[in-house]
Amino acid sequence: MPRLPFRSRKDLSVMPADAAGDESRASVAGAASAAAAEVEGPPAVEPDRTAAAFFDVDNTMMMGASLFWFARGLAARKYFTTRDMLGFVWQQAKFRIGGNEGNPDDMLTIRENALAFVAGRPVSEIVQASEEIYDELMADRIWAGTRALAQQHLDNGQRVWLVTATPVELASIIAHRLGLTGALGTVAEVVDGQYTGRLVGELMHGPAKAEAVLALAEREGLDLTRCTAYSDSANDLPMLSLVGTAVAVNPDTELRAVAKSSGWTIRDFRTGRKAAKIGVPTVAAAALSGGLAGGAIALRRRNKFPW
C-alpha cells in the first residue's frame with residue numbers, strides 16, 4: 001500500500017489544570033482527539049454515512065503494545081538507551097501491578113509526564129520516526145483476523161477509526177497503512193511545530209476513548225446505535241458500551257466475563273505460542289500507556305538529555 005502523507009495538525013495548547021477532575025480531562029482529551037483525527041474521502045463502495053467501526057489497537061489490532069514498539073524504536077534512535085527504557089518500564093509495571101492507580105498525586109505526575117520524552121522535538125521528526133518504526137517493528141504484528149473485520153466494515157461502505165492511547169501521529173500512520181479512515185489517539189500540545197511535552201487534556205484511555213468517539217460521532221453525523229466497537233480490554237468498557245454492537249477481541253479475563261454476560265460476540269485470534277510471544281510487550285504496555293515518560297523525566301533529571 002502506498003504511503004500516505006501525514007497532514008500536519010494545528011498547534012494545540014493544554015487547558016490549565018483545575019479542580020474539574022478526571023471527567024473534565026477525559027472530555028478535553030476526547031474533543032482534542034476528535035479534532036485531530038483525519039477523515040478520508042468516502043469509500044469506493046456506496047457509503048453508509050451513519051455507521052462506523054472503532055478498533056482499539058493494542059492486542060486488538062496489533063500483537064502486543066504499540067507504545068512498547070514505539071519506545072523500542074526511539075531507543076534504537078538514541079532518544080534514550082534500551083537499558084534505560086527497560087528500567088523505567090519495570091518501575092511503571094510495578095506501579096501498575098501494585099494497584100496504586102488511585103493515588104491522585106501519582107496519576108497527576110503520569111498525566112504531566114506522559115509525553116515529556118519528545119519535549120522540544122519537531123512534530124515532523126517524530127512523524128518520520130513513526131513511519132520508520134511502523135515498518136520495522138509493527139507491520140508484521142497486525143492481527144490478520146482483526147484486519148479482516150475492519151475490512152468488512154470498509155466493504156460495507158462504513159468508515160473505520162482506530163482508538164488508542166498511542167500518540168495520534170503514530171496512530172494515524174497505523175490507520176493509513178491499514179487503509180482505514182483515520183485514528184483517535186492521545187493528543188500532545190504543539191507550539192510552533194514542536195512538542196511541549198504536555199498533553200491536551202488526558203491520555204486516550206478509558207473514559208477519554210468514549211468521549212473521543214462521542215465527539216467524532218457528533219462531528220460526522222454518526223448514529224452510535226449503528227456503530228461497532230472492538231477491544232481486548234475491560235478498560236474500554238466505556239467505549240464498548242457506547243455503541244450498538246460491541247465485540248471482544250482477544251479479551252482479557254474481565255472483558256470476556258462481561259462479554260459473555262452481555263451476549264457480545266467474542267473473537268480470539270491468539271494461539272498459545274503467540275500469547276507467550278507478546279506477553280512481555282503486553283506487560284510493558286501497562287506501564288507505557290500509563291506514563292512512558294515517567295522514567296524519561298528521571299533520566300532528564302540526571303542530565304542525560306539536553307532537552
Two-site label geometry, Val191 and Ser261: point separation in nm, points 7 Å out along Cα→Cβ: 4.7
Highest-first arrangement of 183-191, 149-157, where packing means the average Cβ count within 10 Å: 183-191, 149-157
Sorted peptide list for 194-207, 257-270, 56-69, 213-226, criterion being average Cβ within 10 angstrom, highest first: 56-69, 194-207, 213-226, 257-270
In nm, spacing of pseudo-spin labels at Ala76 and Gln128 (7 Å Cα→C-beta vector): 1.7
Rounded FRET efficiency, nearest 0.05, which uses the C-beta distance separating Ser24 from Gln152 and R0 of 30 Å: 0.25
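Read-outs: derived from the displayed coordinates by stated rules, not from any lab. What you are looking at is a predicted structure, and each value in this text was computed from that prediction instead of being measured. Using ideal geometry, Cβ is built from the backbone for each residue, glycine included, and neighbour counts are taken over all protein chains shown.
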